[in-house]
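Report on the following structure.
Any read-out appearing in this document is the output of simple, stated calculations on the displayed coordinates, not a laboratory observation. What you see is a predicted model, and the numbers here were worked out from it, not measured in a lab. Cβ placement follows ideal geometry from the backbone for every residue including glycine, while neighbour counts extend to all protein chains displayed.
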Amino acid sequence: KAGVTQTPRYLIKTRGQQVTLSCSPISGHRSVSWYQQTPGQGLQFLFEYFSETQRNKGNFPGRFSGRQFSNSRSEMNVSTLELGDSALYLCASSPRGEESGYTFGSGTRLTVV
Amino acid sequence: EDKVVQSPLSLVVHEGDTVTLNCSYEVTNFRSLLWYKQEKKAPTFLFMLTSSGIEKKSGRLSSILDKKELFSILNITATQTGDSAIYLCAVEGGTSYGKLTFGQGTILTVHP
């Protein structure tokens, strides 16, 4: 059974640019959530999607957005990149997004220069 | 606001030692507590705990939850160098679906 797949694995962008990251969940999982991991702040919740609807959003600026497609694949977008956006971005999939466990992908390492 | 605190933040032991990692939490409408191991990138799932006092075991790892005192422990017996990793505790609760609140993690280093 394939795990959670995130692409690309690594990304280098310049300040002011925008970036799109992709997450393909485990087959049958309808919930996809996104996290930002930095050495200083640890893992912080960005947002969660279930059946193409955003159900929950963390405390991040509006530059961070996402969406989910009918096949449950999800994308997150960061516009007007700042140096502080450099982080490991992880997505997690779950059958229904509550009390059913979450499986994480290997993440996308974003570096903003 | 949900809060998860792990201790110690780092731990250095030798192979064969037994370690206990702690996780305390404050969350409204608690639903579950999860433990993950993170070595390189992807946190890998260890345990999900929902009921107090029921120990979950997997090989040399075990974990238990105390919902009255709001904490959980993760025990690793007969540690091996392959146990070196960051151990993350997360809670799921409130009215928020699909959201885990993580602790800072415990960095475990096991020397040969």
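If R₀ is 35 angstrom, what is the calculated FRET efficiency for the pair A:GLN18 and B:LYS40, using the beta carbon separation as r and rounding to 0.05?
On the way: r = 27 Å, r/R0 = 0.78.
Step by step, r from the Cβ atoms, then E = 0.80.
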**Request:** Excluding residues fewer than 8 places away in the same chain, name every one of the aspartates and glutamates whose C-alpha is closer than 18 Å to that of B:LYS68.
**Result:** B:ASP2, B:GLU26, B:GLU55, B:GLU92
**Fill in**
For region B:1-52, the Cα convex hull volume per residue in Å³ comes to 127
**Message:** Under 10 Å, Cα contacts only: if you run a Gaussian network model on chain B, which one of B:GLY82, B:GLY16, B:GLY59 comes out with the highest mean-square fluctuation?
**Reply:** B:GLY59
**Prompt:** Under 26 Å Cα-Cα from B:LYS40, which lysines qualify once same-chain neighbours fewer than 8 residues away are excluded?
**Reply:** A:LYS1, A:LYS13, B:LYS3, B:LYS56, B:LYS57, B:LYS99
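Just need the relative contact order of region A:1-51 here, percent rounded to a whole number, with Cα pairs under 8 Å and 6+ apart. Walk me through the intermediate numbers first.
Numbers: 53 pairs, mean separation 15.1, N = 51.
It comes to 30 percent, rounded to a whole number.
With a cut-off of 8 Å between alpha carbons and a minimum separation of six or more residues, what is the relative contact order of chain B in percent?
Working: 283 pairs, mean separation 42.2, N = 112.
Relative contact order here is 38 percent.
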**Request:** Choose one of B:ILE76, B:THR28, A:SER79: the residue whose Cα lies farthest towards the positive end of the charge dipole of the protein assembly as shown (beta-carbon charges +1 Lys, Arg; -1 Asp, Glu; about the Cα centre).
**Result:** A:SER79
**Under Karplus coefficients 6.51, -1.76 and 1.60, residue-wise ³J(HN,Hα) of region B:46-61 in Hz, glycine/proline x** = 10, 9, 10, 10, 10, 10, 6, x, 9, 7, 10, 10, 8, x, 8, 9
**Asked** Which one of A:TYR49, A:GLN36, A:VAL112 is farthest out on the positive end of the charge dipole of chain A, using unit charges on Cβ (Lys, Arg +1; Asp, Glu -1) and the Cα centre as origin?
**Response** A:VAL112
**Message:** What number does the protein assembly as shown give for Rg over Rh if you use C-alpha atoms and the Kirkwood radius?
**Reply:** 0.97
**Request:** Compute log10 of I(q)/I(0) for chain B with the Debye formula, placing one identical point scatterer on every Cα and leaving out solvent, at q = 0.12, 0.13, 0.16 Å⁻¹, to two decimals.
**Result:** -0.38, -0.45, -0.67
**Request:** Compute from the Cα atoms of chain A the Rg and the Dmax, the latter being the longest Cα-Cα distance, and quote both in angstrom.
**Result:** 13.2, 39
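Charges at C-beta only: +1 for Lys and Arg, -1 for Asp and Glu. How large is the resulting dipole of chain B about its Cα centre, in Debye rounded to 20?
On the way: 11 positive and 11 negative charges, 59 e Å.
Computed charge dipole of chain B: roughly 280 debye.
Let me check I've understood the local charge: for B:LEU46, count other residues with C-beta under 10 angstrom from its C-beta, Lys and Arg +1, Asp and Glu -1. What total comes out?
Values: positive: B:LYS37, B:LYS56; negative: none.
The answer is +2.
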**Fill in**
Going residue by residue through region B:65-79, the Karplus relation 6.51 cos²θ - 1.76 cosθ + 1.60 with θ = phi - 60° gives ³J(HN,Hα) values, rounded to whole Hz and with x marking Gly or Pro, of 10, 10, 6, 6, 8, 6, 8, 9, 10, 10, 9, 10, 9, 6, 4
